[in-house]
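Notes follow the structure.
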Amino acid sequence: MKRRRLGTSGITVSDICMGTMTFGSQCDEKLSFAIMDRAYDAGIDFYDAAEMYPVPPTVEAFGRTEEIVGRWMKTKPRESVIIATKITGPAHGWFVPPVRHGHTALDRVQIVRTVDASLKRLQTDYIDLYQTHWPDHGMRYEEVLGPLTELVRQGKIRAIGCSNETCWGVMKSLAASEKFGLCRYDSVQNNFSLINRRCESELAQVCRRENISLLPFSPLGGGVLTGKYMHADPPGARFTEYRKLGERQQRLADRFLNERTRETVRRLKVIADDLGVTLTALSVAWSKQHDFVASTIIGATTLQHLEESLAADGLVLDSETLRRINEIDEAIPTPMKEDGLRRL
């Protein structure tokens with residue numbers, strides 16, 4: 001499996017990353033171990049977690065994913081895996097998480113305490129990549145980067161990154177880093193897929209010019225790009241269930257799943273069939289092929305799901321295939337509704 005550098009840090013990672021947000025909810029510990037073992041054997045050395053996982057986040061389940069990952073890490077040499085995790089973003093924005101009694105923030109006290117809590121759950125003395133789960137655009141960036149820099153100097157963190165961040169936020173953080181002599185973000189983890197290609201415009205320019213790596217999450221569009229929603233909403237599927245829940249979940253389902261995304265998938269299926277690959281393999285390979293992407297984060301709730309994504313390892317899409325994909329994007333631009341960043 002190919003390896004790529006995270007930003008300008010000293011860390012290199014496999015170009016496929018194992019996402020863990022289902023571990024402890026849809027996947028019990030035994031299945032989670034089996035998925036991570038198979039990923040490890042396939043050459044994946046990069047594993048992404050968060051203090052708030054598993055999803056959907058609840059008070060009862062908070063931290064469970066990190067605990068599972070921590071116990072699994074004890075079965076492997078520590079230096080053979082790159083562990084990423086995240087601190088929950090501020091609670092006064094678009095979402096009030098069931099963490100710290102709904103008073104989450106990105107200040108010094110919460111950052112220091114949260115890192116120590118994650119280290120304990122992960123059963124390790126350092127975190128390779130520590131990320132802010134979403135930003136606080138009303139807060140001074142130096143107040144976030146300051147304690148993160150101290151933790152890097154203490155050896156508790158190797159590198160820092162952000163997630164669900166805007167182009168403005170990334171550039172603002174870099175300006176603060178330069179002005180105050182603080183560590184810079186080496187990565188940004190945002191939603192990026194064949195039904196949400198917004199990162200290819202402004203954010204790609206930021207990543208290229210500033211040497212920041214994109215870590216795409218949801219390369220399968222929440223499962224939409226597997227093709228399972230192509231003709232109908234299958235019983236028990238994520239967005240089928242979301243439509244039965246509250247307004248926030250219903251809006252999320254509408255973002256990912258609508259007639260434009262369905263038609264995009266139907267057209268992509270023709271290309272995948274012509275190549276003799278699955279929609280999953282096509283989608284993950286397309287994500288990995290961007291020069292500003294360091295590692296594409298995949299998820300799995302079964303070993304079969306993992307195998308379908310692993311089929312993208314070594315799959316390179318030729319210029320003709322990329323042209324056909326781009327024609328679909330031109331015919332159906334931005335099929336997925338707004339990506340949520342405008343509310344930050």
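Structure notes:
- Overall form of the range 213-344 per C-alpha gyration tensor (a/c, 1.5; a/b vs b/c): rounded
- GNM flexibility winner over the chain from GLU308, GLU143, GLU247 (Cα, springs under 10 Å): GLU247
- Between 0 and 90°, nearest 10: helix 319-331 axis offset from the chain longest Cα axis: 90
- Dividing the radius of gyration of the alpha carbons in the range 62-167 by their Kirkwood radius gives 0.96 for Rg/Rh.
- Dividing the mean sequence gap of close Cα pairs (under 8 Å, 6+ apart) by how many residues the chain holds gives a relative contact order of 18 percent.
- For GLU210, neighbours were defined as the other residues whose beta-carbon sits under 11 Å from its Cβ, and their charges (Lys and Arg +1, Asp and Glu -1) total +1.
- Ellipticity at 222 nm from helices only: DSSP H runs of n ≥ 4 in the chain, each -39500 (n - 2.57), divided by the residue count, give -12000 deg cm²/dmol.
- Distance between the range 1-42 and the range 107-141 - C-alpha centres, whole angstrom: 20
- Each 10 Å bin from 0 upward holds the following percent of the Cα-Cα pairs of the range 27-99: 18, 48, 25, 9, 0.
- Alpha-carbon Rg with Dmax, taken over the range 116-226, Å: 14.9, 45
- Exposure proxy ranking for TYR185, TYR40, TYR242, based on other Cβ atoms within 10 angstrom of each Cβ and starting from the fewest, stands as TYR40, TYR242, TYR185.
- Taking 7 Å steps out from each Cα toward its Cβ at GLU143 and ARG323 produces label points 5.4 nm apart.
- Each peptide in 90-102, 322-334, 18-30, 56-68 was scored by the mean count of other Cβ atoms within 10 Å over its residues; highest first, the order is 18-30, 56-68, 90-102, 322-334.
- Largest first, the three principal axis extents of the alpha carbons in the range 90-150 are 32, 26, 17 Å in whole numbers.
- Cα-based shape type of the chain, given that a ≥ b ≥ c are square roots of the gyration tensor eigenvalues and the cut on a/c is 1.5: rounded
- Distance violations [Cα-Cα > 31 Å] among LYS2/LYS179; LYS244/LYS269; LYS30/LYS156: LYS2/LYS179
- Restricting attention to the chain, close to 15% of DSSP beta bridges with both partner residues there are antiparallel.
Since every read-out is calculated from the coordinates, none of them should be taken as a lab result. This structure is a prediction, so every number in the text was calculated from the model and none was measured. Note that each Cβ is placed from the backbone with ideal geometry, even for glycine, and that neighbours are counted across all protein chains shown.
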